[in-house]
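One structure below.
The values are calculated or read from the model by the stated rules, or taken from the named source; none is laboratory data. Since we're looking at a predicted model, the values are computed, not measured. Cβ coordinates were reconstructed from backbone atoms using ideal geometry, including for glycine residues, and neighbour counts include every protein chain displayed. Note: accessible area is taken over every heavy atom of the protein model, side chains too, but ligands, DNA and RNA are not part of it. Shrake-Rupley method; radii C 1.70, N 1.55, O 1.52, S 1.80 Å.
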Amino acid sequence: MSPNQRAPSRRARAKSEEFPTPTRQQSERRLNELARARIVIEEIWPRIDCGAFPLKRVTGDAIAVWADILCDGHEIIGAAVHWRHQGTRSWSIMPMRHVDNDRWRGGFALERAGLHEYAIEAWRDLFATWRAGCLKKRQAGQPVDVEVLAGRELVERARDGASRTNTRALDALLAEIDAADDAAAALLSPGTEETMSRLGPKADVTRSATFEVYADRPAAAFSAWYELMPRSQSGSADRHGTFDDVIARLPYVRDLGFDVLYFPPIHPIGRTKRKGRNNSLEAGPDDPGSPYAIGAPEGGHDAIHPELGTFDDFARLVAAAQEHGLEIALDFAIQCSLDHPWIKEHPEWFDWRPDGTIQYAENPPKKYEDIVNVHFYGEALPDLWFALRDVVLFWIAHGVKIFRVDNPHTKPLPFWQWMIREVQTRHPEAIFLAEAFTRPKMMKRLAKIGFTQSYSYFTWRETKPEFIEYLTELTQTECREYMRPNFFANTPDINPHHLQTGGRPMFRARLVLAATLAGNYGIYNGFELCEAEPVPGREEYLDSEKYEIRAWDWDRPGNIRDDVALLNRIRHEHQAFRNFSGLRFYNAWNDHILYYGKMTPAMDSFVLVFVNLDPHNVQGADVEVPLWEFGLPDHASIEAVDLVRDTRFTLNGKVHHIRLDPDESPYAIWQLLPRRSAP
């Protein structure tokens, strides 16, 4: 080292070691990787969290796929959507078309239930690029002899790598070109273009990541649920109801127009620390206890409470329900009474306190002394996970394909993601409803990982701005790609304050809101009777069926059974109500009147709904009839049908007045008939 040279400092040596100069071989490898990525596929839509979770659709839907596809230069790009039902070896291919500004669109139909996967493939279309250049020269009167040779060479290249069937087609094309008086014209013909678009050579073929979409059966997106306690169906508070009593009630539920008949747990109920009436800590000798205290000497989650009947009785109920157009849904509650067989058989599945006693469930200040929770990790993994999955598979084998899941947000998310996929791989028709009244992001995460339907905040939305904000989020943001709300108006656990104070008009208003805003909605029995007696100061029912057997007078004065039947009939007769995202809010110049439309994408079913949110006063408002949705001017006329009164009329012009008397009818529903409109 010369005197003028200095050794690298320690900092320089450390920096060199931290950022080493790549070798020629490393640079070349990187160069080749980038060079192969000549075509860019980005901004793919729809997808959830960059493709981490499946989209949700139903069978019969056509899914539209969008992407930005770019390449340098002026060469012509080809693109296609590749898709298949999971488990199918071969891929189906649907071409994509260029829309504008490097945006491409394609799609495919979901003909089977279950998980599908799709990807986008793009390439430089050598023949299309050749054809465009040759056509320009020919139209300009320039010689194209060399271009003809190049075009024929592309056909030969396609032939060299073709299958036997395609080889014959390309041989015929080459023969046609060679025999033509004008080879250029033969190469540029529409027939050649069509053949080469399918079979021509592709350069720089690039494939996106693979994304998933789950196609549910239609009942996942459109259903009306009726919840009842089987033990309260005998007609007497002194006799425990049976499955036969429920069978006798099926015509009632059918005539109300429901699709799903949902039961809280039907399993044996524990006796240790059994709850008494109104959640009392002291149970009398005849108190039936809470059905959520699952498990007794007679069995656990795969057993039936003896007083309800046998498995043969249950099979007759499932069959009878199907004959009435109803499907049975069961509660899947992962909790155990202190008498559940699992506690003795698998003590490692439970939490035990330092004094040797089992940890019962609590959510301070609430205590649930009659139940204990399992834990999912430690020695419980994996056996508990398989046992719970097998409970669901057990009931599917007994004819149940719909499960309302109790408090899923208190159980591990990985368990649900695994379990639902395990079940739906075997039974794509299975439906899971998440009963999770919890934080918004947790509710959305449960939907993303696989829950078919979700409870929502509908029960606590009361004002016009609240409805508009919440429903806009559910129907017009990314949320609509994975979360299907089920608008339950009440539940055995929830007797909302507006029902306690709003009387019959409020029940009617909440019914029409639930039934027409959402594709899925439900009521718990007693709603149609306007049952609202609360535990003072709480959103709970006094004399709750959760803790005692009730006898109901289904014909008692003031009931709204006619409204229920009407709404369910209207829902089934008008396709617009099946399109959850086809919701639009319109102007009604009164904050007490919520006004919205439901429509199909083809606009062949269009319905307007008006609801008076004030149960105590008549409310009126000027409203805008959305003539613009049909491309009509403000002064146009359109025919309409009042679906509540079954009358027909003509609306002349855009602005009209509506008056809603809560004692007469707090709602109105109009069907617009655009095909008979006149400007």
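In terms of its C-alpha gyration tensor, segment 57-174 comes out oblate, because a/c is 1.5 or above while a/b does not outweigh b/c. Close amide H pairs (under 5 Å, H built 1.01 Å from N) link Ser454 with Ala434, Arg484, Asn486, residues at least 5 positions away or on another chain.
When you restrict to C-alpha pairs under 8 Å that are six or more residues apart and normalise by the size of the chain, the relative contact order lands at 10 percent. At the residue level, Lys598 shows approximately 0 square angstrom of accessible surface with a 1.4 angstrom probe and all protein chains present. By its C-alpha gyration tensor, with a ≥ b ≥ c as the square roots of the eigenvalues, how is segment 256-360 shaped: rounded for a/c under 1.5, else prolate for a/b larger than b/c, else oblate? Verdict is prolate for segment 256-360.
Quick check on the chain: of the DSSP beta bridges with both residues there, what percent are antiparallel, nearest 5%? Expressed as a percentage, antiparallel bridges in the chain total about 75.
Dipole size of segment 108-167 about its Cα centre, with +1 on Lys/Arg Cβ and -1 on Asp/Glu Cβ: approximately 240 debye, rounded to the nearest 20. Among the listed values (1) 48.5; (2) 36.6; (3) 30.8, the one computed from these coordinates for mean projected area of the Cα convex hull in nm² is (1). Between Ala319 and Glu539, the contour length at 0.36 nm per residue exceeds the Cα-Cα span by 75.6 nm. Counting only Cα atoms, segment 49-107 measures 39, 26, 22 Å along its principal axes, largest extent leading.
A viscosity of 0.692 mPa s and a temperature of 37 °C, combined with the Kirkwood radius over Cα pairs in Stokes-Einstein, give a translational diffusion coefficient for segment 565-646 of 234 µm²/s. Taking every protein chain into account, the 1.4 Å probe leaves Asp383 with about 90 Å² of accessible area, to the nearest ten. For segment 53-64, backbone phi angles converted through the Karplus equation (6.51, -1.76, 1.60; θ = phi - 60°) give residue-by-residue couplings of 9, x, 5, 10, 9, 10, 4, x, 6, 9, 8, 8 Hz, Gly and Pro being listed as x. Figure note: Thr463, Thr129 ranked by solvent-accessible area, largest first, 1.4 Å probe, ligands and nucleic acids not counted: Thr463, Thr129.
For segment 510-632, a simple Cβ point-charge model (Lys and Arg +1, Asp and Glu -1, everything else neutral) yields a dipole of about 440 debye relative to the Cα centre. Think of segment 489-623 as having a plus end and a minus end, set by charges on the Cβ of Lys, Arg, Asp and Glu; of Ala532, Leu567, Tyr547, Leu567 sits farthest toward the positive end of this dipole. For segment 512-649, the solvent-accessible area works out to 38 Å² per residue, with a probe of 1.4 Å and every protein chain left in place. Over 20 Å apart at the Cα level, from the set Lys273/Lys411; Lys56/Lys441; Lys401/Lys598; Lys273/Lys344; Lys444/Lys546; Lys366/Lys444, are Lys273/Lys411; Lys401/Lys598; Lys444/Lys546; Lys366/Lys444. Per-residue SASA remark: Glu664, around 120 Å² accessible (1.4 Å probe; ligands, DNA and RNA not included). For segment 29-81, the solvent-accessible area works out to 52 Å² per residue, with a probe of 1.4 Å and every protein chain left in place.
In order along segment 277-294, the phi-based Karplus estimate (6.51 cos²θ - 1.76 cosθ + 1.60, θ = phi - 60°) of 3J(HN,Hα) comes to 4, 6, 6, 5, 6, 10, 9, x, x, 9, 5, x, x, 7, x, 7, 8, 7 Hz; Gly and Pro are listed as x.
Rounded to the nearest 20, the Cβ-based charge dipole of the chain about its Cα centre (Lys and Arg +1, Asp and Glu -1) stands at 2380 debye.
For segment 355-473, the per residue solvent-accessible surface stands at 42 Å², with DNA, RNA and ligands left out and a 1.4 Å probe. Computing the accessible area with a 1.4 Å probe over protein heavy atoms, can you report the carbon and sulfur percentage for the chain? It is 49 percent, rounded to a whole number.
If you sort Trp628, Trp418 by accessible surface, 1.4 Å probe, largest first, the order is Trp628, Trp418.
Sorted largest first by accessible area at a 1.4 angstrom probe radius, with every protein chain in place, the residues Cys479, Cys530 fall in the order Cys530, Cys479.
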